[in-house]
1. Among the residues in the stretch 352-360, are any surrounded by fewer than 22 Cβ atoms within 10 Å (Cβ to Cβ), among the aliphatic types (A, V, I, L, M), in contact (Cβ under 8 Å) with a residue 24 or more places away in the chain and not in a helix (DSSP H, G or I)?
2. If Q302 passes every condition in (1) farther than 20 Å from V359 by Cα; (2) surrounded by 16 or more Cβ atoms within 10 Å (Cβ to Cβ); (3) not hydroxyl-bearing (S, T, Y) but one, which one does it miss?
3. So is G84 under 25 Å from A254 (Cα atoms), in a loop (DSSP other than H, G, I, E, B) and out of contact with any Ser or Thr (no Cβ under 7 Å at 6 or more places or on another chain) or not?
4. What is the residue count in the stretch 183-200 for residues that are at pLDDT 95 or above and in contact with a Gly (Cβ under 7 Å, 6 or more places away or on another chain)?
5. Contact list please: Cβ distance under 7 Å, first residue in the stretch 121-138 and farther than 21 Å from V187 by Cα, second residue basic (K, R) and at pLDDT below 90, pairs at least six apart or on different chains.
Amino acid sequence: MLKREFTEEQIMFRAAYRKFLEQEIIPHMEGWRNNGIVDREAFLKAGAQGFLMTWPDEEYGGLGDNDFRYEQIIIEENQYAITGDWSCTLHSRLVGPYFQRFGNAEQKARFLPKCVSGETILAIAMTEPDAGSDLAAMRATAIDQGDHYLLNGNKTFISNGVNADVVIVAAKTDPINNPRQIGLFLVERGFKGFERGEPLKKLGQKAQDTAELFFQNVKVPKENTLGDPTKGFSYLMEGLAEERLIAAVEALSAAQKAFDITVDFTNERKLFKKTLAEFQNTQFKLAELKAEIDMQQIYIDQCVKALNSEQLTAVDAAKAKLLTSELLCRVVDEGVQLHGGAGYMDEYPICRMYADARVTRIYAGTSEVMKLIIGRDIYQGENTAFIDRDMA
């Protein structure tokens, strides 16, 4: 495979983060999976070592370096360690940048330092039972009451939903006259009328606290409005390319880990006095997957470069997200098959990775929505009018 481009500092950052995972995260993952939630202490420990939200300026406690490769390293190492259901990247790079893009100086000063330190955990709430891709179907409303907005509605499949101290909530601000007019609101833990359900029981990614959120006559102060309350839709659109690149990096690095696990197993497992690795069928199947993984890695690294130079398009990100998530599901499926009966046992990592992988074709935009975006670009030019935030 071609040499990947990381700076010496980033290579050191990778080594330090890998050691952090080994010491502070991996030993606790089984307990967190059983509990359905990661201990808040994980965020505090990561923040103390500079592994949360590296991009904010130094005045807020960050490194002041917006190079996405730092987060790429964190995502990759999480997948290699099979700790991806600790959703630190959702906090750091999916939700956090909304403050940078649309927050005012007071909001940045009030929230960012504690987000960097891990004292404040972030989530974003858009998906509703009847509103994933179709934002026009959103029912949550935030009505201007003069000195505050009155927020009502329910959200579902919200990652970090239980742990979150601040949730960016999308709601319609003029539901009668303009049903596509959306605002983004910072709802803080302890706001009266803000309730959350127990962690939802899921097929995979069990340590990630995914929950339903309920808002009943929640008074959101005007100072907790993120940007212009009429431009939330365009704000959501602005972050889509990066969100889908995050999902693509996650999927591809998980595919690499699943591939490595399968190679190790086939080198050890014997059948008819031969290792599985000696059978041509095994070699051919893994050769095809390895070629796809390596080729997609080159494309992903180019997308990272494009993001860093603010040139990554929504269509290119959709291509990355579509192909990597589909590839991951093929890799884990073949991995289970080559493991035989062992692949169906939870004690084998490939079993857990199989369950974790399935949602990647759904969250951050389903495969069908990705195809729709790419197809419309072919015939009509770039079109980014669809948002799918299922399992956001």
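The values are calculated or read from the model by the stated rules, or taken from the named source; none is laboratory data. Computed from a predicted structure; not experimentally measured. Don't worry about glycine lacking a Cβ; one is built from the backbone with ideal geometry, like all the others, and counts go over all protein chains shown.
1. Checking the stretch 352-360: not a single residue is surrounded by fewer than 22 Cβ atoms within 10 Å (Cβ to Cβ), among the aliphatic types (A, V, I, L, M), in contact (Cβ under 8 Å) with a residue 24 or more places away in the chain and not in a helix (DSSP H, G or I).
2. Failing condition for Q302: (2).
3. Working: under 25 Å from A254 (Cα atoms): yes; in a loop (DSSP other than H, G, I, E, B): yes; out of contact with any Ser or Thr (no Cβ under 7 Å at 6 or more places or on another chain): yes.
Spelling it out, G84 is indeed under 25 Å from A254 (Cα atoms), in a loop (DSSP other than H, G, I, E, B) and out of contact with any Ser or Thr (no Cβ under 7 Å at 6 or more places or on another chain).
4. 3
5. Within 7 Å, the pairs are A136/R180.
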